[in-house]
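Step one of this worksheet: look at the structure below.
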Amino acid sequence: MIHIENLTRKYGDFTAVDGVSFEIASGEIVGLLGHNGAGKTTIMKMMTGYLEASAGWVRIGGLDIAAERQAAQGKIGYLPENCPVYPEMTILGYLDYCAALHGVPERERPSLIREAVERTALAEKATELISTLSRGWRQRVGVAQAILHKPEILILDEPTNGLDPTQILQMRGLIAELAKTATVIISTHILQEVQAVCGRVIIIKNGKVALDSRLDELRRSSGRLIVNCKAEPSKAMQQLGSLPLTAKAEQTGPERFELELKPGADSRKAAAAAAQAVCVAGWPLYGLHFETRTLETVFAEISR
C-alpha cells in the first residue's frame, strides 16, 4: 500500500530526513516513533504530498506522489500535527467544506458527515463554532475530516494530543476500527499509544530509520535469565556462571544476578538448573524469570 524508497529532505546544509526506506502493507497499524525533531513530521508531509522530497520517492497504492499527487492524495486521510481548522466555521460547515475539497458529490455528503461525526463523538457539538471548542474537541474535528471520505490510508500526527483519558480510550477504539478497512500510520512520541494500538513500530533517529520491527518480536525474551537470591556475590557468580548452559553471570543489583545463556541453550533447562543450584547452596531464592525487551527499553537503547 505504501512504498518509500531513499526518501530525503534537505534544508540548505541541514538534512532533516536522510535516505529513509520502508514499506507498509494494507491493513497494518504502524507507529512512527522518535524524539521531537527526529524527522517524523517531515516524513509524513512528504508521504502526503504536502512537502516535496529532495531525493527518493513515495508510492501510495502504486501511485507516485510526485507525478500523480491528486490521485494519490485522494487515497489519504491526514491529520496534521497542529490540527489546522477554521475557527469561524461550525463543525458541520467545516466538514461539508472538507468534503467538497475531497471531491465528494453533494448528495453523498450528509451521510458521510453524519458517520464521521458519530465515529468521533462530535454530535453534541456539531452546530457550534470551532473557535469555542477546547483543544481536545478540535482534535476530534481534525480526525473527523481525516476519515470523512473513507480513505484507504489514514495518517495521524499526534492523534491523542489534547485529549483526556476517556477520549484517548475512545480514540484507540476508533483507530482499531478504522484499521479494519484502512492502513493506519500514527506518529507520536508517546510510547504507550504505540503499544496500545500498533502492530509494528518504526523508530526514527536523526532523520534515519533506527528500527523497524513488529511489536510482538520486540517483546520476546532477550535470552537473559534473572535470578533474585540472597547470596555472597562472588560465590553466586561463580556457582551460577559455571552451570553447563550459562555463558556468563554478572551481578546487576542487590541480590540480582543476570545469566547470559549459551547459544541454542534450552531456556527451561537453564532455569531449572539455576534454581537447583541456588537451593543446593542454601541461598534464599526470591525470583526467577527471563528478561523481556519492551518498547521502552528498546527506545532507550536507540536513544543513547
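The values are calculated or read from the model by the stated rules, or taken from the named source; none is laboratory data. Since the structure is predicted, the reported quantities are computational estimates derived from the model, not experimental observations. Cβ coordinates were reconstructed from backbone atoms using ideal geometry, including for glycine residues, and neighbour counts include every protein chain displayed.
Points worth noting:
- Here segment 228-249 is the region considered, the condition is being touching a Lys or Arg at 6+ places or on another chain (Cβ under 8 Å) and part of a strand (DSSP E or B), and the residue that is farthest from Val20 (Cα to Cα) is Asn228.
- Flag if Phe257 is farther than 30 Å from Val17 by Cα, modelled with pLDDT under 90 and aromatic (Phe, Trp, Tyr): no
- Filter result for Gln251 (out of contact with any Gly (no Cβ under 7 Å at 6 or more places or on another chain), farther than 30 Å from Thr41 by Cα and either of a type in the set (S, T, N, Q) or surrounded by 17 or more Cβ atoms within 10 Å (Cβ to Cβ) (or both)): yes
- Only residues that are assigned to a helix (DSSP H, G or I), among the aliphatic types (A, V, I, L, M) and within 22 Å of Val143 (Cβ to Cβ) were counted across segment 71-104, and they come to 7.
- Flag for Ala265 being under 36 Å from the mean Cα position of the chain (by Cα) and assigned to a loop (DSSP other than H, G, I, E, B): yes
- Flag if Arg200 is more than 30 Å from Leu240 (Cα to Cα), out of contact with any Gly (no Cβ under 9 Å at 6 or more places or on another chain) and of a type in the set (Lys, Arg): no
- Here Leu79 passes the criteria (1) out of contact with any strand residue (DSSP E or B) (no Cβ under 6 Å at 6 or more places or on another chain); (2) within 25 Å of His189 (Cβ to Cβ); (3) crowded, with 17+ Cβ neighbours inside 10 Å except the one numbered (1).
- Looking only at segment 268-293, and only at residues there that are surrounded by 14 or more Cβ atoms within 10 Å (Cβ to Cβ) and part of a loop (DSSP other than H, G, I, E, B), the one that is modelled with the lowest pLDDT: Arg293
- Matching residues in segment 149-158 - criterion: being in contact with a helix residue (DSSP H, G or I) (Cβ under 6 Å, 6 or more places away or on another chain) and either closer than 11 Å to Cys83 by Cβ or surrounded by fewer than 23 Cβ atoms within 10 Å (Cβ to Cβ) (or both): Asp157
- In segment 104-133, the residues that are surrounded by fewer than 21 Cβ atoms within 10 Å (Cβ to Cβ), under 21 Å from Gly74 (Cα atoms), of a type outside the set (D, E, K, R) and free of Cβ contacts under 8 Å to residues at least 40 places away in the same chain: Pro105, Pro110, Ser111, Leu112
- The listed residues are Ile29, Ile65, and the only one of them that is out of contact with any Leu (no Cβ under 8 Å at 6 or more places or on another chain), under 26 Å from Ala196 (Cβ atoms) and hydrophobic (A, V, I, L, M, F, W, C) turns out to be Ile29.
- Restricting attention to segment 159-173, the residues that are within 20 Å of Thr48 (Cβ to Cβ) and either surrounded by fewer than 21 Cβ atoms within 10 Å (Cβ to Cβ) or within 12 Å of the chain's Cα centre (by Cα) (or both) add up to 2.
- With respect to (1) assigned by TED's automatic domain parsing to the domain that holds Gly56; (2) at pLDDT 90 or above; (3) hydrophobic (A, V, I, L, M, F, W, C), the lone exception for Ile190 is condition (2).
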